[in-house]
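Working notes, structure below.
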Amino acid sequence: MVEKYREQIKNRLSSFTYWLYDIEGLGLQKVIDDILTPLETKLTEEEKNKHIFGANVLRSNGNITEIQYNNFIDKLSSRTLIYTDENGNIDPKGKWHYVNKLNTNYYDLAELLTELLIRSLNNNSVVSERIIQSLVGKSSDIETKNVLLKHKHKLPQLFNDYLKSPQELLKFTNAIQRTSTMGEKLEDDIVKRLTDIGYEVIYQGGNGDYIDMVYSIDFIIKGKDKVYTVQSKTTQKQVDKFINDIGRGKYKEVDLLIYPSNTKYKIFMVKDKVTKEIDK
């Protein structure tokens, strides 16, 4: 019977967006990180050297302090990612896998949590029944979040009991693949446009880049006499959250936020709080 509510449960959970993985919310980011740890591999020397180059640019340009630089470099030796072969099997010498982004993708997290709640309910779990009833019933968002928070401490056990293996998490990346493809295309389009008008790209991270993960910097460009760090966003919702977070003191290392708007690219200058635009 509960199967007919699968989409409703998933959609309700995904509507909670960042709250699903935030430590002050349901905290799924840490749960996922803990499960994936055994599958991770340390960065290669080539990857480390690329990150060191990027960090040197940031330090030289004043985007990060000497302390930030040293901390970043010190942690590189313990940084890890998940790689797979062409068949999707864990392979330290393989390619970066989308599951590396699962811990902060609320669409795929919602699908994953829905699946585990249903598996648990089918095993007569009273807790899962209460959670699902709240999700599909007439409870307000606040009421439903409170129900979830009441059982937050039981989430690790839910994953332990009903996730078949850590490798199963690799299957919950459909939304990540879609959004990553969109984000990569936008980033490439922006980079091409900037190079067309005279900028030089001196660093571009790509998937699995810790410059991006730590400092939210997608790429670094150089103009005639100045270097800029850039973050690109695909949707207005992402832009609004990013700008709101800037107001809370985050992303101090980012100089420019660039995003599409009809036939233009809007360029929000983080420090000056001024928005300019260029043709696509």
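Just so you know, all these numbers are worked out from the coordinates, no wet-lab data involved. If you're wondering where the values come from, they're calculated on a predicted model, not measured in any experiment. FYI the Cβ positions are ideal-geometry reconstructions off the backbone, even for glycines, and counts take in every protein chain you see.
In table form, for the structure just shown:
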{"read-out": "Rounded to whole Hz, the Karplus (6.51, -1.76, 1.60) HN-Hα couplings of the range 172-183, x for glycine and proline", "value": "9, 9, 4, 5, 4, 5, 5, 5, 5, 4, 5, x"}
{"read-out": "Burial order of peptide ranges 95-105, 27-37 (average beta-carbon count within 10 Å, highest first)", "value": "95-105, 27-37"}
{"read-out": "DSSP bridge pairs, the chain: antiparallel proportion in percent, nearest 5", "value": "90 percent"}
{"read-out": "About the Cα centre, charge dipole magnitude for the range 212-280 (Lys/Arg +1, Asp/Glu -1 at Cβ), debye", "value": "140 debye"}
{"read-out": "Rg to Rh quotient for the range 179-279, alpha carbon positions, Kirkwood Rh", "value": "0.92"}
{"read-out": "Reciprocal of mean inverse Cα separation for the range 4-48 (Kirkwood radius, Å)", "value": "12.9 Å"}
{"read-out": "Average silhouette area of the chain, convex hull of alpha-carbon atoms, in square nanometres", "value": "16.6 nm²"}
{"read-out": "Selection of trypsin sites (Lys or Arg not before Pro), the range 107-138, meeting DSSP coil and at most 15 other Cβ within 10 Å", "value": "Lys138"}
{"read-out": "For Ser232, distant residues with modelled amide H under 5 Å away", "value": "Asp218, Ile258"}
{"read-out": "Degrees between helix 141-150 axis and first principal axis of the chain (Cα, 0 to 90, nearest 10)", "value": "80 degrees"}
{"read-out": "Protection proxy ranking of 3-9, 164-170 - average other beta-carbon atoms within 10 Å, highest first", "value": "164-170, 3-9"}
{"read-out": "In sequence order, calculated HN-Hα J values of the range 152-167 (Karplus, 6.51, -1.76, 1.60; Hz; x Gly/Pro)", "value": "4, 5, 8, 4, x, 5, 4, 5, 5, 7, 10, 7, 5, 6, x, 4"}
{"read-out": "Karplus-derived HN-Hα couplings along the range 66-73 (A = 6.51, B = -1.76, C = 1.60, θ = phi - 60°), whole Hz, x at Gly and Pro", "value": "4, 5, 4, 4, 4, 5, 5, 5"}
{"read-out": "Lys, Arg +1 and Asp, Glu -1 on Cβ, resulting dipole of the chain about Cα centre, debye, nearest 20", "value": "720 debye"}
